[in-house]
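Here's the structure, in structure tokens; my notes come after.
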Amino acid sequence: MAVVTKKGPARAGGAPRSGVRPGPGISPQAAGLLALLLTVAIWAGFALSARALGSSTLLPADAALLRFGVPLVVLAPALWRRRRRLAAVRPATAAKIVCGAGVPFFLAAMFGGSLTSAAFVGAIVPGMVPLFVSALLVAGGGAVPRGTQRAGLVMIVAGVAALVCRYTVALDGDVLLGTGTLLLASGLWALYTVGLREVDLDPVGSIGLLCLPSFAVVALLVLTGVLPAHLHRAEGGDVLTFLLVQGLGVGLCAGLLYAFAIRRLGPERSSVVGSLSPVVVVLLAIPLLDESPTLPVLVGVPLITAGVVLANRRPRTKVSADA
């Protein structure tokens, strides 16, 4: 079985650089897969909250302040200890992370979700990540996908086409605009995925690298009036929900878990999380948002799910006896 190595040397005593120690008897790959499964559940909440934002008393800027501000408050002492390592990150790598999962991604996902449905957010954003990750890796000199991997990428595109086909025929401008914005969000997240593999930070440092400039940008846009916000006038229940889902869930827990999984499994294998997320979102949207799956959703989501699984299959290689 192929072993995916992480960037940078291990600490003395075998402790991983990520700062997260797998439990006794758990391999690095198993620990990474467990982290991905937990991330799936949290990302499902993100997709549902993206759709629910329009019916809440919060504005996108309010949600963004919670998303990026809460992790900074919780991790402030730890981030201060990592300030020199954060300052040493290469600007190009930092830009991938900040743009890929920061304000541009967040606003694109929220806006796209407000124009479509939770199923679209859950299927398109994580589901298209393998395609965009493959494109980025190929552009950087990586191998071109072949065989089942290429077939999987084709199935992902076919699944997205199935989701939007009837809206294209009907020329539903809102859904088409929302779909395009979600595709943009997915491409940005792929950039973040690749950037995490390049940065020499543990998960806590990666969250700080993302949240600190993102919160500063949102706060500046709010203070200058570019983005409207009224967090102080929002209903307490809405603030608590988004604080838990976006701030603690997506911003803190998913950030730690996803960064840990990237370092254990690599960007391509980690993007397999998209194969489960669409299904979980569709199922949860039925009781929570009263969304009934349409025929395009019933066709498109399974295609995307199967496509992500195939796109992340690794060809078997023969291992010599002395390997």
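Below is a table of values for the structure above.
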read-out	value
The chain, relative contact order [Cα under 8 Å, separation at least 6], %	38
At 1.567 mPa s and 4 °C, Stokes D of segment 161-270 from Kirkwood alpha-carbon radius, µm² per second	77
Förster-model FRET efficiency, 41 Å R0, residue 74 and residue 292, C-beta, rounded to 0.05	0.65
Under the Karplus curve 6.51 cos²θ - 1.76 cosθ + 1.60, θ = phi - 60°, whole-Hz ³J(HN,Hα) for segment 300-306, x wherever Gly or Pro sits	x, 5, x, 4, 5, 4, 5
Derived scalar couplings ³J(HN,Hα) [segment 90-98; Karplus, 6.51 cos²θ - 1.76 cosθ + 1.60; whole Hz; x for Gly, Pro]	4, x, 5, 5, 4, 5, 4, 6, 5
Percentage relative contact order, segment 105-234, counting C-alpha pairs under 8 Å, at least six apart	37
Positive dipole terminus of the chain, leading residue within 310, 117, 236 (C-beta point charges)	310
Inverse of mean 1/r across different Cα pairs in the chain, Kirkwood, Å	20.1
Within the chain, helix-based [θ] at 222 nm, where runs of 4 or more DSSP H residues each add -39,500 (n - 2.57), nearest 500	-22000 deg cm²/dmol
Residue 30-residue 172 pseudo-label distance in nm [points 7 Å out on the Cα-to-Cβ vector]	4.5
The chain, dipole about Cα centre (Lys/Arg Cβ +1, Asp/Glu Cβ -1), debye to the nearest 20	1540
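FYI, it's all coordinate maths here, none of it is from the lab. This is a predicted model, so every value here is computed, not measured. Using ideal geometry, Cβ is built from the backbone for each residue, glycine included, and neighbour counts are taken over all protein chains shown.
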